[in-house]
Structure formats: structure tokens, C-alpha cells
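> Attaching a single structure in C-alpha cells format; questions to follow.
Computed from the coordinates by the stated procedures, all read-outs in this text should not be read as laboratory data. Model, not experiment: these values are computed from the prediction. Neighbour counts are summed over all protein chains in view; Cβ atoms, including those assigned to glycine, are modelled from backbone coordinates with ideal geometry.
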Amino acid sequence: MRMRPELDPEVDDLAPTEPQVTLYDEAHFVTYLRLLDAEADSADWTEVARIVLHRDPAAERTRTCWQSHLSRAQWMTKTGYRKILEQAADQARSSTFR
């Protein structure tokens with residue numbers, strides 16, 4: 001990992017869509033976990049947006065922001081984590097050969 005996760009960071013209007021884990025993703029690991037927990041608990045998206053994303057649920061872009069970040073959190077559980085593990089393995093191998 002290149003960046004330390006933040007506990008309660010501000011979020012962009014849209015989460016990244018790149019096919020690799022970004023610095024933004026690394027900074028927002030806790031946010032993604034909170035979104036996944038809320039989804040597992042069937043929490044109302046408006047409350048999640050207000051509490052986790054610090055967004056006004058009445059604002060037009062808020063639902064898109066919430067959906068974007070939830071989708072990225074789900075991507076991290078299916079694909080992103082593998083990329084983190086691959087990166088860690090590569091770093092471990094390269095430090096072993098020094």
C-alpha cells in the first residue's frame with residue numbers, strides 16, 4: 001500500500017473506475033468498509049450518504065455519489081483485493097532478491 005487509509009475522509013462526487021487500485025481507493029478503504037456494512041444491514045441509502053459520505057441526501061448528485069462508491073467497494077471485494085495481494089507479493093519478492 002502506498003497510502004494510509006483515512007478514518008472519515010471527504011469523498012469525490014464519483015469513485016474511481018480505473019481497473020487498478022488507486023491512491024483514492026487506498027485513502028477510502030474505511031469508507032468502502034462502512035458502505036459494505038451498511039449495505040449488509042440494509043441501511044437506508046439516504047442515512048448512509050449523510051453519515052458515511054457527508055452528503056445531503058436531498059442534493060441531486062448524492063444518490064449517484066453513494067451508488068458510485070458502493071459499486072467501487074463491491075469491486076474491491078471481488079477484484080481490487082487481488083490486485084493489492086499481487087502488489088504485496090511483488091514487493092516481497094523484490095525485497096527478497098536485494
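> What residues from segment 61-77 fall in the zone where the backbone N is under 12 Å from a label point 7 Å along the Cα-to-C-beta line of E39?
66-77
> Before rounding to the nearest 500, sum -39500 (n - 2.57) across all DSSP H runs of length at least 4 in the chain and divide by the residue total; then give [θ] at 222 nm in deg cm²/dmol.
When only DSSP H runs of four or more count, the value is -16500 deg cm²/dmol.
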